[in-house]
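Novice: Let me give you the structure first, and then I'll get to my questions.
The values are calculated or read from the model by the stated rules, or taken from the named source; none is laboratory data. Since the structure is predicted, the reported quantities are computational estimates derived from the model, not experimental observations. Don't worry about glycine lacking a Cβ; one is built from the backbone with ideal geometry, like all the others, and counts go over all protein chains shown.
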Amino acid sequence: MNIGEGIRKALAKITGKAIIDESAIKSMIKDIQRALILSDVNIELVYRLSKQIENRALNEKPPAGRSMSEHIHAIVYEELTKIMGEGRKLELKPQRIMVCGLFGSGKTTQIGKIAYYLKQRGMSVGVIAADMMRPAAYEQLEQLSKQVGCNFYGRKGAGVKARDVVKEGLETLKNDVIIIDTSGRDALDEELISELKEINEVAKPDEKILVISADIGQIAKKQAEEFNGAIGLTGVVITKMDGSGKGGGALTACAAAGVKIVFIGVGEKIADLEEFNPSKFVGRILGVPDFEALIEKVKAAIPEGMEEMPEEFNIETFYKQLKAAKNMGPLKGIFETLGMVNVPKEVLEQGEQKMEQYEAIINSMTKAERKNPDLVRKSQARIERISKGSGIPASTIKEFISQFGKMKKLYEQLQRNKGMQRNLQRMFKGKGLGF
């Protein structure tokens, strides 16, 4: 059970109740405590939070127009937000960013994600491979640089010093933002501290960001404090927030260490990096829709030239939309931004599988068939050819063609609704709705 699921179950016990007595409040708080402790939140912090929720729930009167149940939900939301600490945005300006972290934190991968984040916002980016400890770090960062489309500098060889690579990289790369990958260790030892200090002195970075894996939970406090003491951190990235039950512990631990969180990693794709906003994060785990985040996902995923609704809706245009939907990330994350946090895992998996099947089917169709699906619907030979080429059963292909026909009818209805068209286009262009 993750932190959000546990807290939602606790709140569900009082949801909609007209009368909520002290016994019900204390029972709810015990369930919240259990969820927080399972997420590896520090016990002392859990105790302080519990006392604060209990005190407010028993003594505060709900504002006019708000039920007691709604008021307690609001108290839990506000108090959880406080313990998650503060987030801060990475400024979009020419700068040097030094990234550090221990082995297994996902440091090099996060550099690729940060580079992508900055590139998407109009910055030119160069990266320097100064991790001289991990043999595959050079190749990994070089490959990520190609994937993102940013410049790369590195030098391999016995006896090559990290500080020299950084100095040469800074002289070679002429980008707005330079991101420096540094060596990791199993622990922050004297050798690593010395190397980080040398790089810090050579690069004089504007940002010094520590990468921490969510699965270490409250140990994150010790790591953040040690790195902060060694080089003076400006922020933290917490990775694996989508796959670890200890994410709440890592977040609250960094807050306790006094280090602000810049990003959280929410998936394996290069775009799966989110700015950390504590109120939005708590809202999401409690099932509150985050439409702003959803719109950002949609805007980032829409292929160039598809901001306007196409005149003709055929399988070719559907294919582009399908690819865009996949670029938005896992279905789980999309549903969470809509506040739909309890969608069964098997439903999500079936949805992902359907998307993969549809893509395989379309890839096995001719251009003529994509433009006119009736060619497939009326021909068993075409269905069998597509089935053989895609590895998808003929029955699934027939189902897809049938489903596409229904989608096309809905699309044609939407085309006739000019007001809805305008609102959708305004939303995707970030201009808000025109109601």
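Novice: Please verify whether Ser105 is closer than 30 Å to Val160 by Cα, among the hydroxyl-bearing types (Ser, Thr, Tyr) and touching a strand residue (DSSP E or B) at 6+ places or on another chain (Cβ under 6 Å), treating the condition exactly as stated.
Specialist: Details: closer than 30 Å to Val160 by Cα: yes; among the hydroxyl-bearing types (Ser, Thr, Tyr): yes; touching a strand residue (DSSP E or B) at 6+ places or on another chain (Cβ under 6 Å): yes.
Yes; evaluated as a whole, the condition is true for this residue.
Novice: Name the single residue that is surrounded by the most Cβ atoms within 10 Å (Cβ to Cβ) among those in the range 348-377 being at pLDDT 90 or above and not in a helix (DSSP H, G or I).
Specialist: Top of the filtered list is Met365.
Novice: Could you go through the range 94-101 and let me know if any residue there is in contact with a strand residue (DSSP E or B) (Cβ under 8 Å, 6 or more places away or on another chain) and loosely packed, with under 14 Cβ neighbours inside 10 Å.
Specialist: yes
Novice: Then there is this: Checking the structure you have, find out if any residue of the range 204-216 is more than 30 Å from Ala256 (Cβ to Cβ) and surrounded by fewer than 22 Cβ atoms within 10 Å (Cβ to Cβ).
Specialist: Taking every residue of the range 204-216 in turn, none turns out to be more than 30 Å from Ala256 (Cβ to Cβ) and surrounded by fewer than 22 Cβ atoms within 10 Å (Cβ to Cβ).
Novice: Which condition does Val127 not pass, out of (1) at pLDDT below 95; (2) under 25 Å from the mean Cα position of the chain (by Cα), if it passes all the others?
Specialist: (1)
Novice: Further, regarding this structure: Any idea which residue in the range 248-261 is modelled with the highest pLDDT, counting only those that are touching a Gly at 6+ places or on another chain (Cβ under 8 Å) and buried (at least 24 other Cβ atoms within 10 Å of the Cβ)?
Specialist: Selected residue: Ile261.
Novice: Those residues that are among the hydroxyl-bearing types (Ser, Thr, Tyr) and crowded, with 24+ Cβ neighbours inside 10 Å, I need them from the range 231-247; list them, please.
Specialist: Of everything in the range 231-247, just one residue is among the hydroxyl-bearing types (Ser, Thr, Tyr) and crowded, with 24+ Cβ neighbours inside 10 Å, namely Thr239.
Novice: Looking at the range 388-405 only, could you name the residues that are of a type in the set (Phe, Trp, Tyr) and more than 9 Å from Gln357 (Cβ to Cβ)?
Specialist: Answer for the range 388-405, where residues must be of a type in the set (Phe, Trp, Tyr) and more than 9 Å from Gln357 (Cβ to Cβ): just Phe404.
Novice: Against the definition (in the same structural domain as Ile72 (by TED's automatic domain parsing) and either in a loop (DSSP other than H, G, I, E, B) or modelled with pLDDT of 90 or more (or both)), how does Ala24 come out, yes or no?
Specialist: It is true that Ala24 is in the same structural domain as Ile72 (by TED's automatic domain parsing) and either in a loop (DSSP other than H, G, I, E, B) or modelled with pLDDT of 90 or more (or both).
Novice: Test Ala324 against the stated conditions and say whether it is in a helix (DSSP H, G or I), modelled with pLDDT of 90 or more and of a type in the set (Gly, Ala, Ser).
Specialist: no
Novice: Continuing with this model, one more query. Return the residues of the range 185-238 that are modelled with pLDDT of 90 or more, over 26 Å from Leu38 (Cβ atoms) and among the small types (Gly, Ala, Ser); say none if nothing qualifies.
Specialist: Ser194, Ala203, Gly229, Ala230, Gly232, Gly235
Novice: Turning to a different aspect of this structure: Looking at Lys167, Lys82, Lys156, which is the one that is closer than 24 Å to Ala253 by Cβ and surrounded by fewer than 20 Cβ atoms within 10 Å (Cβ to Cβ)?
Specialist: Only one candidate qualifies: Lys82.
Novice: I'm trying to understand the selection: among the residues of the range 230-256, which are out of contact with any Phe, Trp or Tyr (no Cβ under 6 Å at 6 or more places or on another chain) and within 15 Å of Leu102 (Cβ to Cβ)?
Specialist: Of everything in the range 230-256, those that are out of contact with any Phe, Trp or Tyr (no Cβ under 6 Å at 6 or more places or on another chain) and within 15 Å of Leu102 (Cβ to Cβ) turn out to be Ala230, Ile231, Val236, Ile238, Thr239, Lys240, Ala250, Ala253, Cys254.
Novice: Can you find a residue in the range 223-234 that is under 21 Å from Leu92 (Cβ atoms) and either within 21 Å of the chain's Cα centre (by Cα) or of a type in the set (Asp, Glu) (or both)?
Specialist: The answer is yes; a qualifying residue exists.
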